Structures are given as C-alpha cells and as structure tokens.
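> Can you keep this structure in mind? I'll have questions shortly.
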Amino acid sequence: MQLRFRRQKFARFILLSFGFLIIGSTSAFCQQEPVQVENTEELQCASTLALKIATASMSHVSPFFWWMAGPTTNFFPDETVEEEPIELNQGSVENSVTIAMSEPPRMNRLEELPLATTPDVNSEASDEHDAPDKGQLDEAPRKPTPRNVRIPFDDEPETAKPVVKNIETPKPTRNGDVDSQQDQEEPQLDPRSVGMNDRDQQGIDALIAATPVSKRREIRIEDPSNEGIKVAPIVQTKPLDSVLVNRLQRTEACLAYYLDNPESTSVRSPWAVMHALLAFGSDYEMIHGQGRVNAIGWMCHNGTCRTQRIFTPNGIGFTPNVGGGVQGHEGQFLAILAQSNVPLNYPIQVGSAKFKVEDLVRYEMATCKEKSELTFKLIGLSYYLDSNKQWRANDGKVWTISKLIQEEMAQPIVGSACGGVHRLMGLSFSVRQRQLQGQTISGQYARAAKFVRDYVEYTWQLQNPDGSFSTSWYEGRANEPNEERKVQTSGHMLEWLMYTLSDDELKNPRVGKAIDFVLTKIYDKRENKWPIGPRGHATRAVALYQGRTKEILSKPSSSVPNQTAVKSVPAPIRK
C-alpha cells in the first residue's frame, strides 16, 4: 500500500513539473516581440493541454481521460459545468482559468426515494420475499371488501409440483415449546390488541348461541347393485376382564368431572378455552356471569375470553387473531372446529356482521403460504374440503390438500410445536379424512401414511415403565420426575396415538398402561391446577380412548384385548 502511494506521488510530481514547463515556455514565447502569432487557436490549444496535464496531476483521474473527455464533458451529471474563457495575457495560473467545481450531488430522500407502498395481497408474488411485511399490512388502510380473501375455484389447471427441500432440524430447546405454561395461564398482551376488547366486536347473539350440531363424516359404501349391505351375524362376545371395566369407569368419571366443573370466560383466554373444550367439542359449556354459555358458540360469536377475542373486524369482514392468548398457530381455531365436527353453516358473528364457518375456511385457504407452518390449516381444511379440491391463495399459488401434506412433510418433527406431535396429528388427520371420503390412499397421502406408521412404532420405544412417554418428546428416551412435564408430553403423544391406531392396536396392553398413567395424574390428582394446555390434550386422549373402545366393544366381533408384542425399531427417517 505504501509503495503504491509513493508511485502515485512520484507520477504527480512528474506531471506537475511537465505542466509548469510547458506553461512557462508558452508564456515566454508569447512575450517575444519579433514573433507574430497569427493562429491563436493553436496557441490556445497548447495552453489548454498544459492546464489539463497540471490539473490531472492534482487529481485521481488519469490525464488520458481528461484529454479524451473534451472541454464540455460533465463528470458530475447533476451539476451544470461552464468553463470560463482562458485569458492568455495573465501570468498566473490561478487567474488565467476558473473551473466550476462542486460537491457530489446529494439525494433529497424525501423527494427522490420511492414512496413505501403496501403490496396487494391478491397480486401474484414471484417468491416468498415478495410477500408484504406484516407491519405494513397492519398500518396500511384496508379496502372495504367483504373478505380479504380470494374466492377459490375448482377449474384451476394443474401446475407442476413444487420442489420442496428438506429444512434442517433446529436444535430443540425446552424453552421453545409453543404451549409454554406462561402462554397458557398469563399470555403477554400486545398493546395494539386493546381494540380486541371493544364491546361492539362481540356477536349480538353471543349469549344465545346455539350448540353446534355435530356432523360426522361417514365412510362411503359402494353398493352398485342396490341389494343392500349384508349385516354380519351376531356373535356372542367374551366377557370383559375387570381391569378393562375399571379403566372405562375411570375414564367416564374423569370426563364427567371436567365437564361438570367448567372453566370461566372471565378467567380463561381464547387459547385456553380451545384446549378446555378439545375433549368435549360442542358439548362443552363455560361459566359466564351467573349462567353458562356454549364454549364453541361463545367463541364463534366473538365473545370475550378473559380480556381477548378470537376475531378482529376487518372492513366488513374479519381476521382471526394470532398471538399470545389467542391462536398460537395460524388455523388453530378452524382445526378445533374441525375436530369438534362443527358444520360449515354454523354462524360466526363479529358485532352485528354475520358470517359462517365457511367464511373462516375460505380465509384459511387464501392465506396458505409455502415454507410455513401449515399443521393446523391441514387439519381444518382436510376436514371441510374435498380431498381433491384445488384453490388459489392470495399469493397466486395453486394449492391442494396434497400440497399441504407435501409442505408439512418437508418440515421437521423434532423441534417443532409440542415436539412435532401436532404435525403428526395433521398428517394422520388428513389421511383419515381421505379414507372417510372413500378415496384411494396414493401419492402424498400414501407417503404421509407410511411416515405416520413409522412414527407409531418409534413412539412405543419411547414409553417409560410407568406408562408415560419420553419427557424429551421425540429427541430420545427420557423420564424426568416432573409430573407436569410428563402430563404434557404423554398427553400429546397419547392423544395422537388414540386417533391414529387401528382397532386391533387399541387393544394392546401398552395403550391401557398409558391411559392408566394419565388418569392417575389428571383424575386422581384432579385438585391440582394442571396447566390447561397439557391437561386439555391429556383429557382428549382419554375421551378418544373411551369413545373408540366402546365402539369396538359394541361390534359383534369384539373380544378381550390381545397381547401383541411390539418390535424394536429405530427412529423414523423421512424419505
């Protein structure tokens, strides 16, 4: 660096000396009386050349560029440069030429910078980086449209399947659990969400909201000859053992306790209410004032839960709230409605504006985004939509249930929400709904079914001797003595198993052992203030076990539980 500086200094010295030499010679030539200078243009050109050489020696610009540029070239395009005429009769260089110099032009940022604009959420984006910033959307004025969604359509041409790369599994942390106890009991309220509590946002019929009528999806039975379906002969079943009878009595008592001792709307947030009703669906009621209200009806009518509401008005539409105390994940409330078998035409009210669950479905369809958590959207949309449905989201991308599965399969299990159990539930739920629609399990559905099956086998390897499951989720085996942690992990994992296992697998003794463990905590110690999230999932595991077991026992071919052994398998690997 020093050598380069010395070379530049030496070159400038040579150029400066040469320039002064030419100027001195030209001045002496002009002062000689016998000499008659007729061609002044040549003399002016010589002086100009000398001046340029001298000027270049004091700058960082090569003298060659100064020469080639000519006298009218502007090296500062935002300024107008005017050269003064050269006065040949002056002996001083400073007095002979005046050059207009200025600082580099400065941009007036208030006038020159493009104004920040809010991208249209309905316009097609080239990639995920073109999506509008959330803060911009919150601050931008919204148009008074019925819904900030695009109407899905059925005749969309099929496009090429996107290539989704596997995302590296982040290192799981205990503090990273989405359903943390702090978020469950005392969510941090956003100051900007104060408007959630406005009285006019509550549905005008919230206090008289009807109980949703459960509409279960039945398996389609093909009977092309219309001869009627043959009924299996009645076979006398073996008597149940006393252990199973006692377990069923305890499950019924556990569910009856929490159903008869409901939560209060003044105490529990919307997030907590969703977990409290998870095991009971449309039958769950909550204390409100001196009476009771249906939990799903209250939330669908935007009733206040503690200090928050599930919806925010948006023009003449609505937006589901996401954050502490409300939805912990996008699409969570729709997933709760789907698992509670709430029909599409059930009313939703925000103030005096009336909608239906169908409008919430359309909202979740329109807000699907690639490379994002779609677990709860998958649960809700796979229940309310046909498994072959196609639609276009706000970013212009075409979506199907298969694409939702593909996106979810590209995400990790370990390290995701609640140890990845919710993601497994989404995959199991979508496959089950496909079966209930009478469709073949192929493509992404077959891929998801195999992946789920591998994880079922792996889950049994994580069961502890007391019937609980690993306190480290799917990271590996762990058996911490913390009871709340055990209820949290075991409740989630057992809930997923109770939904996923076949009827024969449900008779496995390991299932009964896990149910007994959960009952010893949330029922035998029911006076404890168990965190509402883990308790909600554990209670639903008990409810699923009881419902499915009674259904199995009511079939003519039912028998006593078998003693099926479980083979050892490694952790599943996504293909």
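The values are calculated or read from the model by the stated rules, or taken from the named source; none is laboratory data. Worth saying up front: this structure is predicted, and the values here are computed from it rather than measured. Counting neighbours? That spans all protein chains shown, and the Cβs are built from the backbone with ideal geometry, glycine included.
> Hey, Lys377 hits all of (1) farther than 16 Å from Ala417 by Cβ; (2) at pLDDT 95 or above but one; which does it fall short on?
Here Lys377 clears every test but (1).
> Are any residues in segment 375-394 buried (at least 24 other Cβ atoms within 10 Å of the Cβ) and farther than 19 Å from Gly328 by Cα, and if so, which ones?
Of everything in segment 375-394, just one residue is buried (at least 24 other Cβ atoms within 10 Å of the Cβ) and farther than 19 Å from Gly328 by Cα, namely Ser382.
> Sticking with this structure for a sec: Answer yes or no as to whether Asp454 is among the acidic types (Asp, Glu) and at pLDDT 95 or above.
In short, yes.
> Is one or more of the residues making up segment 460-473 assigned to a helix (DSSP H, G or I), over 16 Å from Leu544 (Cβ atoms), touching a residue at least 12 places away in the same chain (Cβ under 8 Å) and not aliphatic (A, V, I, L, M)?
Yes: segment 460-473 contains one or more residues that are assigned to a helix (DSSP H, G or I), over 16 Å from Leu544 (Cβ atoms), touching a residue at least 12 places away in the same chain (Cβ under 8 Å) and not aliphatic (A, V, I, L, M).
> Name the residue, out of Ser430, Ser416, that is surrounded by 22 or more Cβ atoms within 10 Å (Cβ to Cβ) and in contact with a Leu (Cβ under 7 Å, 6 or more places away or on another chain).
Unique residue meeting the criteria: Ser430.
> Now for a separate question. So, of the residues in segment 513-540 that are part of a helix (DSSP H, G or I) and without any contact (Cβ under 8 Å) to a residue 60 or more places away in the chain, which turns out to be surrounded by the most Cβ atoms within 10 Å (Cβ to Cβ)?
The qualifying residue surrounded by the most Cβ atoms within 10 Å (Cβ to Cβ) is Ala538.
> I need every pair where a residue in segment 495-510 that is not assigned by TED's automatic domain parsing to the domain that holds Val243 has its Cβ under 7 Å from the Cβ of a residue that is among the basic types (Lys, Arg), sequence separation at least 6 or different chains.
Glu495/Arg540; Met498/Arg548; Leu506/Arg548
> Does segment 263-272 include one or more residues that are part of a helix (DSSP H, G or I), free of Cβ contacts under 8 Å to residues at least 60 places away in the same chain and among the β-branched types (Val, Ile, Thr)?
no
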